[in-house]
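What follows is a set of notes on a single structure, which appears directly below.
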Amino acid sequence: MSKAKSGAAAEPVKMGSKLKLARNGNQSRRLRLAMLVVGCFLVAMTYLVASKPRGLVRSSLGFRTSMLTPLSGDGVLNGDENGRHSTASGGKDPQNSQASAESNDEKEESIQGEKNAIVVDSTSQEVARTHELTEGGEQIRTLERKSSCDLSDERVDICELYGDVRIPGNSSSVLFMESSNDTEHKEAWRVRPYPRKGDETCLREVRELTIRATSEAPRCTVHHNVSAIVFSVSGYTGNVFHDFSDLLLPLFVTARQFDGEVQFVVTDFRRWWINKYRLVLQRLSKHPVMDLDGDEEVHCFKQVIVGLRAHQEFQIDPARAPNGYTLIDFTRFMRSTYSLRRETVNNIEDLAARKPRLLIIARKKTRAFTNIGDIVAMAEGLGYEVVVDEANVSSDMAQFARIVNSCDVMMGVHGAGLTNLVFLPLNATIIQIVPWGGLEWMSMLDFGYPAMAMGLHYLQYSITIDESTLTEQYPRDHRVFTDPMSFHGTEFKVVRSTFMKTQNVKLDVNRFKGVLWKALEHMIQ
């Protein structure tokens, strides 16, 4: 009996121990489960902090980004790191402006209402509004939609607009939408979107556009999910040098960064010009060119650039260009656009099976060679295969580009035809013949410096008085010969009419022979 009693007494003890063990086990399992949940949460938060998927954090967890993204890919307008451009807020930086004081209730309402606000997206360049809280959550920092124009550049005025931008067709307005109670941003700019600022003769035919902030505008009829670049094809178009220096090169600098996802909006539309450079325009933009003057829609964009980034004459300043573009990048782009086969000139050892090829740009109206036959015979005597041709407004660009690219040396008198050096392969040689009249500075500016920046060998030949047909118009004691630089102190049209429009060249082939020998030496090196 005592054993039974003791066994019965021991049973509750054993049962209590089992219950205690089970309870402890359940607690342990719950503890492990809780630790697992906490661990997963910490891992998830670590991933969110490290990878910064801002949309997920903002919409799911109610957080806002604490870092403001730059407004453009290069961080500054037109490459100006000194911040010389003005803004629609009177020169104030909208990223550093503080929101006006609010009551605690208004702050809380604003914070809750903006949890899902759109923030700056550096890839789409979309700019709306974002807020930044201090650690204590007491201050709110606001980034507003931005409009800014840089009118300080000596070559071009350019405006960049981000937010709700509307371009009514068949108008001269680009409208930047602001809230109705925003009275300090109603500034307006007037821009002629062609990069030859200060040249009134050129800009006389360029349509002036007004860029202004407004709270009232026509409703959008066409929405675009790409950026827009607005420019004119008036000015000096039709002259191949200005086609490249004023439009194609600035278009490359301004548009190439968008990798085709950009809409060209053209004022002073010239169908023949668009057709002539159709291949270039199609490489820079995947969308049909829009004729602003002949359109009736209201086009809406989130980013609009009015005007083209342009640096020096026929040059790119890599320090100011998006992605550090150079003239070598541009010429590589042009060779690719026209599917040109030669990237670089072969050395003399690779020319054993063929003669070096010389292209002579033969002008017909002014600054023409009067003894082209003698020049060809001399060059052929040196071993060149000679091609004589001229590019004009009606030329097939693709066909002429292939001719230029097939040559090792190109020569011509200073003039627009030399612009075709953009199609030459790397390490080719360009020879510029400078007419009489102290035009060396202009020749270097227009073609000498650009040629060297394109990776070409550059040779310059200045003719003597005896090689100029001006001797048939003026006596030898005229200041045209005794003091040609005195003409350069007057208006440029005097220089042009005296030394460029009425002068031809009779090249001294014996004197010039050494220049062609020098070009051959470049291929040996």
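Entry remark, the range 270-291: residues being assigned to a helix (DSSP H, G or I) and either under 22 Å from residue 149 (Cβ atoms) or outside the structural domain of residue 156 (by TED's automatic domain parsing) (or both) number 0 in total. Of the candidates 408, 396, 466, 446, the single residue that is of a type in the set (D, E, K, R), outside the structural domain of residue 201 (by TED's automatic domain parsing) and more than 32 Å from the chain's Cα centre (by Cα) is 466.
Among the candidates 512, 499, which residue alone is within 30 Å of residue 201 (Cβ to Cβ) and not in a loop (DSSP other than H, G, I, E, B)? Give the derivation first.
Details: 512 fails: within 30 Å of residue 201 (Cβ to Cβ).
The match here is 499.
Under the condition of being without any contact (Cβ under 8 Å) to a residue 40 or more places away in the chain and of a type in the set (Phe, Trp, Tyr), the residues counted in the range 235-260 number 1. If the condition is being free of Cβ contacts under 8 Å to residues at least 24 places away in the same chain and of a type in the set (Phe, Trp, Tyr), then the range 488-525 contributes only 492. Taken together, 373, 294 contain a single residue that is outside the structural domain of residue 193 (by TED's automatic domain parsing), loosely packed, with under 13 Cβ neighbours inside 10 Å and either touching a residue at least 60 places away in the same chain (Cβ under 8 Å) or not aliphatic (A, V, I, L, M) (or both), which is 373. Scanning the range 483-504 for residues that are over 20 Å from residue 466 (Cβ atoms) and of a type in the set (Ser, Thr, Tyr), which turns out modelled with the lowest pLDDT? Among them, the one singled out is 490.
Mind checking which residues of the range 408-426 are surrounded by fewer than 23 Cβ atoms within 10 Å (Cβ to Cβ) and part of a strand (DSSP E or B)? The answer is 426, and nothing else. Summed over the range 340-391, the residues that are closer than 22 Å to residue 468 by Cα and of a type in the set (Gly, Ala, Ser) give a count of 5. Of all residues in the range 200-225, those satisfying the criterion of being exposed (fewer than 14 other Cβ atoms within 10 Å of the Cβ) and closer than 23 Å to residue 313 by Cβ are 200, 201, 204. Residue 304 falls short on exactly one of the conditions (1) over 14 Å from the mean Cα position of the chain (by Cα); (2) crowded, with 17+ Cβ neighbours inside 10 Å; (3) not assigned by TED's automatic domain parsing to the domain that holds residue 425, and that condition is (1).
Of all the criteria given as (1) assigned to a helix (DSSP H, G or I); (2) touching a strand residue (DSSP E or B) at 6+ places or on another chain (Cβ under 7 Å), the one not satisfied by residue 401 is (2).
Are any of the residues in the range 371-388 part of a strand (DSSP E or B), touching a Phe, Trp or Tyr at 6+ places or on another chain (Cβ under 8 Å) and farther than 26 Å from residue 237 by Cβ? Write out each step before concluding.
Initial filter on the range 371-388 (part of a strand (DSSP E or B)): 385-388.
Still in the list and also touching a Phe, Trp or Tyr at 6+ places or on another chain (Cβ under 8 Å): none.
No: zero hits.
Consider the range 178-191 and keep the residues that are modelled with pLDDT of 85 or more and buried (at least 18 other Cβ atoms within 10 Å of the Cβ). The one that is farthest from residue 263 (Cα to Cα) is 189.
Consider the range 358-390 and keep the residues that are charged (D, E, K, R) and modelled with pLDDT of 95 or more. The one that is nearest to the chain's Cα centre (by Cα) is 367.
I want to confirm something. Restricting to the range 427-451 and keeping residues that are of a type in the set (Ser, Thr, Tyr) and not in a strand (DSSP E or B), which single residue is nearest to residue 405 (Cα to Cα)?
Of all residues in the range 427-451, those of a type in the set (Ser, Thr, Tyr) come to 429, 443, 449.
Restricting the remaining residues to those that are not in a strand (DSSP E or B) gives 443, 449.
On the way: 443: 22, 449: 20 Å.
Checking each candidate, the answer is 449.
Entry remark, the range 452-484: residues being assigned to a helix (DSSP H, G or I) and either surrounded by fewer than 11 Cβ atoms within 10 Å (Cβ to Cβ) or not aliphatic (A, V, I, L, M) (or both) number 9 in total.
Listed here are the residues, each with its yes/no results for (1) closer than 30 Å to residue 361 by Cα; (2) part of a loop (DSSP other than H, G, I, E, B).
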site: 225; (1), (2): no, yes
site: 231; (1), (2): no, no
site: 234; (1), (2): yes, yes
site: 237; (1), (2): yes, yes
site: 241; (1), (2): yes, no
site: 244; (1), (2): yes, no
site: 248; (1), (2): yes, no
site: 252; (1), (2): yes, no
site: 264; (1), (2): no, no
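Has the range 332-352 got any residue that is surrounded by fewer than 21 Cβ atoms within 10 Å (Cβ to Cβ), β-branched (Val, Ile, Thr), modelled with pLDDT under 95 and part of a strand (DSSP E or B)? Looking through the range 332-352, at least one residue is surrounded by fewer than 21 Cβ atoms within 10 Å (Cβ to Cβ), β-branched (Val, Ile, Thr), modelled with pLDDT under 95 and part of a strand (DSSP E or B).
The values are calculated or read from the model by the stated rules, or taken from the named source; none is laboratory data. This structure is a prediction, so every number in the text was calculated from the model and none was measured. Neighbour counts run over all protein chains shown; Cβ positions are idealised from the backbone, glycine included.
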